[in-house]
1. Tabulate in residue order the Karplus-calculated ³J(HN,Hα) for the stretch 240-246, using 6.51 cos²θ - 1.76 cosθ + 1.60 with θ = phi - 60°, rounded to whole Hz; enter x for Gly and Pro.
2. Do any of 182/271; 309/354; 298/331; 309/331; 239/331 go past 22 Å between their Cα atoms, and which?
3. May I ask you to derive the FRET efficiency for residue 134 and residue 154 from their Cβ-Cβ distance with R0 = 22 Å, giving the value to the nearest 0.05?
Amino acid sequence: MASRQLKNRMDINSPVSRRSCKQKSGKHSFSSNARASDVQPDATVFAYEHFPALLEERRRSRPFPPMKISFSELCTEIRVQIYRYHFRFSDPIEFWPETGVCDGDHRFDRYREAKLTREKFSKLTSSGDLNLKFLRVNRLINAEASQVFFGENEFRFSAINGQMAANIWMRRIYQRHYRWLKSITIAVPFYSDSFRSPYNATSIRTRDDMYDVMMFRSSRCPKSCHSSPKQVFTDREFKYTEAFVSLTAELMRATNLRTITLVIPHDYRYKQTDRHEDGYFDSETHDGQRQIWRDLQKLFLANPNLSLKMVCLRDGDGESNIWDYNFCDRKLVEQLSSLAPTTMWSAKNDSEGKWSVDKSIGLDDIGKPDKPDNRRWW
């Protein structure tokens, strides 16, 4: 009876009344903090007539003003947590994977694996799991999110010639981004006596191959440059020693850098810079080796807080003779340890160029010297 009287007062059965009530109501959310005298009944209220408690609550409700706050108005701590959710990864980001083979017919296996890695990275960015376009929304987000993406992730260039890719990458992202780097991983930059000897990518084919598999591009093309994008880089960026010299110059400007990791392949053999037993003297290798030592020493002198981490890749599951190298390799480790605080780790290399450290090793795990040798290597 009371419900019928309420309907008659509101003329709820009238089509005109229904339409006018609906037009007045709009699409609002409601709050139950209003007084009954301040509330104008909504047509949707009477859908709860069989539920007295809900009906009374809806009769006392009023439109609640929507919250209008932008992302930039959130406190910095909340924004940083959002950046970490999107840009911080548990696994390192590998740009130049170590494949384990590079000699003879397998010379371009590294390019193939790096190209697959680039394709996976492209799918990751296009799927939205890693939306790097977020960094380009505005200056505030770029400045804040860059600290998380570049400062809290590990970037790897693990294969031989990795300093070439690392140098081009750092020049691509510019100092405003790489200044947040805290760690970087490259292959050991010194020359090798093995079949995996580093080479200068001076031919057009090797440059194109390296450029095609990189996950980044250069935007530093001169105004007078009418050639293809693959020919933008200078010759020094594709030469082994010059690329490392340029890389160390950039790393000196990365003031937050705390750790440099040098990856040593399982078949690496440190190349002596003195005269060979047969009397042959490789002056180019000798000069390049000394230049690498000098620039590495300058880097550690410029950043006293910088530490060195060495990772010895082993092939397969062998646990014995983790690093069964010759005396030259032992001398290399000793000389590197004299530059900065050094830790040594063993890691297993898989076919896709991924590796993770599994245990710490010491100098005793490296081949023992046959006779004392006090020569310096720079």
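1. 4, 5, 4, 5, 5, 4, 5
2. 182/271; 239/331
3. Numbers: r = 20 Å, r/R0 = 0.92.
It comes to 0.65.
Each reported figure results from applying straightforward, stated rules to the coordinates on display, with no laboratory input. Computed from a predicted model, the values in this text were never measured in an experiment. Quick reminder, even Gly has a Cβ in these numbers, built from the backbone with ideal geometry, and neighbours come from all protein chains shown.
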